[in-house]
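Asks: Dropping a structure here in structure tokens format, bear with me for questions.
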Amino acid sequence: GMVNGKKYSTGNPSIFETFEYKLILQYVALPGKRLGKMKTSTDGGKTWSKSRVPCAKCLGSEKNKPVQLEDGTILSPRADRNGYIDGGIGVEKSTDGGETWISLPGVKKWKTKVIQPTIMFHPGGRLQMLARARGGNIPSTFSDDKGTTWSPMEPIPLPANWCGIDAVTLRDGRQFLTYNHVPTSLGSKGGRGFLNAAISKDGKAWSAALELDRGYYRGAPLGQKSYPGVIQARNGL
């Protein structure tokens with residue numbers, strides 16, 4: 001595409017359906033500073049609105065989908081890669097079905113750089129974010145005020161390999177996480193050959209569930225299985 005006469009590329013999209021069956025597509029435009037952009041559809045994706053920026057200091061949900069609260073508020077997990085707000089992970093909020101957005105302060109201090117957070121639900125309206133991190137363990141943070149403020153990040157037992165993760169809260173209340181279970185030293189990038197799933201009741205203690213896939217070519221470890229996205233279908237799968 002073109003922005004101000006210059007070519008740009010797009011990537012790391014997320015797509016989300018609101019309670020009102022509106023589709024919200026968010027993605028990032030490059031080069032230069034990351035530019036969060038979005039489109040919407042009210043006919044199941046047959047036609048789409050023109051591309052626009054959610055707000056002046058919004059980057060949109062990069063890779064991982066937004067969530068919607070019971071009161072209709074939509075929260076997009078974001079990483080402030082441009083330093084617009086605080087340079088950390090947090091959320092962008094819409095209370096009018098995705099038409100207008102504001103970027104809320106987040107939490108930024110961690111042992112390594114963190115990006116591409118994913119949001120989960122807990123009893124009593126509590127929210128949790130896990131994020132992609134450069135080695136060590138996957139960081140976690142909680143909010144008790146609908147994403148306005150977040151607790152200091154703490155590690156969960158699962159490894160971070162500087163690759164995208166995604167999670168969903170199942171209808172039975174458990175948390176389901178997809179990630180690459182590749183132990184990686186802090187500050188480093190790990191391989192992406194094993195794609196895994198883990199389950200938790202509280203978002204803190206996790207149990208291995210499945211090896212979803214592995215990157216093999218003709219019997220040799222090559223390539224990757226990465227950047228998962230996960231939802232729960234109406235039939236429970």
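The values are calculated or read from the model by the stated rules, or taken from the named source; none is laboratory data. This is a predicted model, so every value here is computed, not measured. Note that each Cβ is placed from the backbone with ideal geometry, even for glycine, and that neighbours are counted across all protein chains shown. The area values use the complete protein model at the heavy-atom level, side chains included, leaving out ligands, DNA and RNA. Shrake-Rupley method; radii C 1.70, N 1.55, O 1.52, S 1.80 Å.
Asks: Once phi is turned into ³J(HN,Hα) by the Karplus curve 6.51 cos²θ - 1.76 cosθ + 1.60 with θ = phi - 60°, what whole-Hz value does each residue of the range 202-215 show in order, with x for glycine and proline?
Replies: Per residue, the Karplus-derived 3J(HN,Hα) values read 10, x, 10, 9, 10, 10, 4, 10, 8, 9, 6, 6, 9, x Hz.
Asks: Find the eigenvalues of the gyration tensor of the Cα atoms of the range 165-237, then list the square roots of 5 times those eigenvalues as equivalent ellipsoid semi-axes, largest first, in whole angstrom.
Replies: 25, 16, 9
Asks: Between Glu70, Glu154, Glu92, which gets the highest mean-square fluctuation from a Gaussian network model of the chain, Cα cutoff 10 Å?
Replies: Checking each option, the largest mean-square fluctuation is seen for Glu70.
Asks: Per residue, how many Å² of accessible area does the range 156-237 show with a 1.4 Å probe?
Replies: So the range 156-237 comes to 57 Å² accessible per residue, rounded to a whole number.
Asks: Here's a follow-up. Could you go through the range 110-121 in sequence order and give the Karplus-derived ³J(HN,Hα) for each residue, using 6.51 cos²θ - 1.76 cosθ + 1.60 with θ = phi - 60°, rounded to whole Hz, and x for Gly and Pro?
Replies: 8, 5, 9, 5, 10, 9, 6, x, 10, 10, 10, 9
Asks: Please list the three semi-axes, largest first and in whole Å, of the ellipsoid equivalent to the range 30-69, using sqrt of 5 times the eigenvalues of its alpha carbon gyration tensor.
Replies: Sorted largest first and rounded, they come to 20, 14, 9 Å.
Asks: In whole percent, and with a 1.4 Å probe on the protein chains, what portion of the accessible area of the chain is carbon and sulfur?
Replies: Within the chain, the accessible surface is 54 percent carbon and sulfur.
Asks: Tell me, what are the semi-axes, in whole angstrom and largest first, of the equivalent ellipsoid of the chain as set by the roots of 5 times the Cα gyration tensor eigenvalues?
Replies: Over the Cα atoms of the chain, the semi-axes work out to 26, 21, 19 Å.
Asks: Any idea what log10 I(q)/I(0) is at q = 0.15, 0.25 Å⁻¹ for the range 50-119, Debye with uniform C-alpha scatterers and no solvent?
Replies: -0.44, -1.13
Asks: For the range 140-203, what class follows from the C-alpha gyration tensor (a ≥ b ≥ c being the square roots of its eigenvalues): rounded when a/c is under 1.5, otherwise prolate if a/b is larger than b/c, else oblate?
Replies: Oblate, because a/c is 1.5 or more while a/b does not exceed b/c.
Asks: Cysteines of the chain lacking any other cysteine beta carbon under 4.7 Å?
Replies: So far as the 4.7 Å Cβ criterion goes, Cys163 stand without a partner in the chain.
Asks: Can I ask one more? Pairs of alpha-carbon atoms within less than 8 angstrom and 6+ residues apart define the contacts here; what relative contact order does the range 1-150 have, in percent? Display every interim value, and only then the final one.
Replies: Numbers: 359 pairs, mean separation 21.8, N = 150.
Relative contact order, the range 1-150: 15 percent.
Asks: Here's something else I'd like to know. Please list the non-local residues whose amide H lies under 5 Å from the amide H of Asn196, H modeled 1.01 Å from N, same-chain partners needing a gap of 5 or more.
Replies: Amide H neighbours of Asn196, under 5 Å, 5+ apart: Tyr179, Asn180, His181, Leu212.
Asks: Run down the lysines and flag those whose C-alpha is under 16 Å from the C-alpha of Lys225, throwing out any fewer than 8 positions away in its chain.
Replies: Partners within reach: Lys63, Lys189.
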